[in-house]
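Some notes on the structure that comes next.
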Amino acid sequence: MTRRRTILTVTLIAAAAALGACRKPPARQTEAQQAHAVRVVRVAPRALSGALTASGDLVAREEAAVQPEVTGYRVARVLVEEGAYVRAGQPLAQLDPALITAQLAQQTALAAQAAVQAEQAEKEAARVAGLDGQGVLSQEQIEQRRFQARAARATADAQAAAARDVRTRAGKLAVTAPVSGLVLQRAVRPGDLSAIGAQPWFRLARDGEIELSAQLSETDLAKVRPGQHARVTLPSGAFADGVVRLMSPQVDPQTKLGAVRVRLPVRPDIRAGGFGRAVFTDAGAVVLAVPEAAIRYDSDGAALMSVGADNRVRRVLVQAGQRAGGYVQLVRGPPAGTRIVAAAAAFLLDGDLIRPMEGGAAAPPGPAGAAK
């Protein structure tokens, strides 16, 4: 029995050795076989529709400043508040009429008195008409009556003009709106003393129109025209559709920027003094562009993975510009025609070998599969 067990053990060991000799070791994969299939695209010129943007302030299209036309009178009432819409000729503030009422009564009386004196002097002059050289009165007395009549009439006219002046100033005690529009600012209180040349009491946006005053470079100004449409983002995040109303005829020599005025609809959420950003939707700029997904952002800035002739990827720092339609402008980066990884995945490292897929098909790895 012992001998049989020994023979069986030896037989099993020999069989295992024979099977091991027949089994081959597994073949190791090459780097080319381990390469990932990655979709690549090329850096190419593209017309980025809506890529032209500009920022600026929301301002009144035409602003009217309202001040009192008479000085030295106290404000009795303020009739409107900021945000009110007023019509042309509508009273905005009322001055106290007590002082000028007394002045008007006094001046009216002086004008009437001067008119009576002028009438009396003219009658005295009429009595000596035709008595020249007849010896009834001396020529000097005749001429004196005539001069007195003319002087009295001139005094009466002056007093009447003074009365009209006071009456006109009395009519200016109501400070009225010169145009229809929106009250942007009120800087007057009851009790304030009117003074010409001081800060305006009211500022109005004519017809309530607020527009965007944006700044563009001299290069971008050539891409904009009056009547062009723009989509404006408001401080609240809302949008408004505008139209370019006018463009600056000159560029600032220091900043090299020019102003563009974009007309906006009259809406309560469009307020003067805010900030807006316009996107000129029908302005297409042809620039070198890549898909947004091709750019990744690291601690040292934006970069993309370019694919060389040997199908190895290289990390290239770029400067991104305007964005539109899923593409990003390359302000600085590889030239047109360069192959890049369409989606700058994090698993790719500088120097990795890939199997590029361009146009939906995977090319073999290595220099032989490099696209021309």
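Applying the criterion of being closer than 24 Å to residue 207 by Cα and not β-branched (Val, Ile, Thr) to the residues of the stretch 159-183, the residue that is surrounded by the most Cβ atoms within 10 Å (Cβ to Cβ) is 181.
So which residues in the stretch 183-214 are under 30 Å from residue 74 (Cβ atoms) and part of a strand (DSSP E or B), if there are any at all? Walk me through how you get there before you give the answer.
Residues of the stretch 183-214 that are under 30 Å from residue 74 (Cβ atoms), as a first pass: 183-206.
Those that are under 30 Å from residue 74 (Cβ atoms) and part of a strand (DSSP E or B): 183, 184, 185, 186, 193, 202, 203, 204, 205, 206.
On the given criteria, is residue 314 of a type outside the set (A, V, I, L, M, F, W, C), under 25 Å from residue 37 (Cβ atoms) and either modelled with pLDDT of 90 or more or touching an Asp or Glu at 6+ places or on another chain (Cβ under 7 Å) (or both)? Answer is yes for this residue. The number of residues in the stretch 269-307 that are touching a residue at least 60 places away in the same chain (Cβ under 8 Å), small (Gly, Ala, Ser), surrounded by fewer than 16 Cβ atoms within 10 Å (Cβ to Cβ) and out of contact with any Ser or Thr (no Cβ under 9 Å at 6 or more places or on another chain) comes to 1. Which one is nearest to residue 181 (Cα to Cα), of the residues in the stretch 243-268 that are without any contact (Cβ under 8 Å) to a residue 60 or more places away in the chain, out of contact with any Pro (no Cβ under 8 Å at 6 or more places or on another chain) and part of a strand (DSSP E or B)? Selected residue: 262. Outside the structural domain of residue 57 (by TED's automatic domain parsing) and touching a helix residue (DSSP H, G or I) at 6+ places or on another chain (Cβ under 8 Å) - does that describe any residue in the stretch 257-264? Among the residues of the stretch 257-264, not one is outside the structural domain of residue 57 (by TED's automatic domain parsing) and touching a helix residue (DSSP H, G or I) at 6+ places or on another chain (Cβ under 8 Å), which makes the answer no. Could we say that residue 271 is of a type in the set (D, E, K, R), within 17 Å of the chain's Cα centre (by Cα) and in a loop (DSSP other than H, G, I, E, B) here? Against the criterion (of a type in the set (D, E, K, R), within 17 Å of the chain's Cα centre (by Cα) and in a loop (DSSP other than H, G, I, E, B)), residue 271 qualifies. Would you call residue 278 part of a strand (DSSP E or B) and at pLDDT below 90? Here the answer is no, as residue 278 does not meet what is asked.
Of all residues in the stretch 215-242, which are in a loop (DSSP other than H, G, I, E, B) and more than 30 Å from residue 85 (Cα to Cα)? Lay out the reasoning, then the answer.
So in the stretch 215-242, the residues in a loop (DSSP other than H, G, I, E, B) come out as 222-228, 234-238.
Residues satisfying the conditions are 222, 223, 224, 225.
Answer yes if at least one residue in the stretch 239-254 is over 30 Å from residue 204 (Cα atoms), of a type outside the set (Phe, Trp, Tyr) and not assigned by TED's automatic domain parsing to the domain that holds residue 85, and no otherwise. Scanning the stretch 239-254, I find at least one residue that is over 30 Å from residue 204 (Cα atoms), of a type outside the set (Phe, Trp, Tyr) and not assigned by TED's automatic domain parsing to the domain that holds residue 85, so the answer is yes. Scanning the stretch 160-194 for residues that are within 27 Å of the chain's Cα centre (by Cα) and among the basic types (Lys, Arg) yields a single hit, 186. For the stretch 96-105, the criterion of being more than 30 Å from residue 223 (Cα to Cα) and not in a helix (DSSP H, G or I) is met by at least one residue. Residue 150 satisfies every condition listed in (1) surrounded by 15 or more Cβ atoms within 10 Å (Cβ to Cβ); (2) over 55 Å from the mean Cα position of the chain (by Cα); (3) of a type in the set (Lys, Arg) except (1).
The values are calculated or read from the model by the stated rules, or taken from the named source; none is laboratory data. Keep in mind that what you see is a predicted model, and the values were worked out from it rather than measured. Note that each Cβ is placed from the backbone with ideal geometry, even for glycine, and that neighbours are counted across all protein chains shown.
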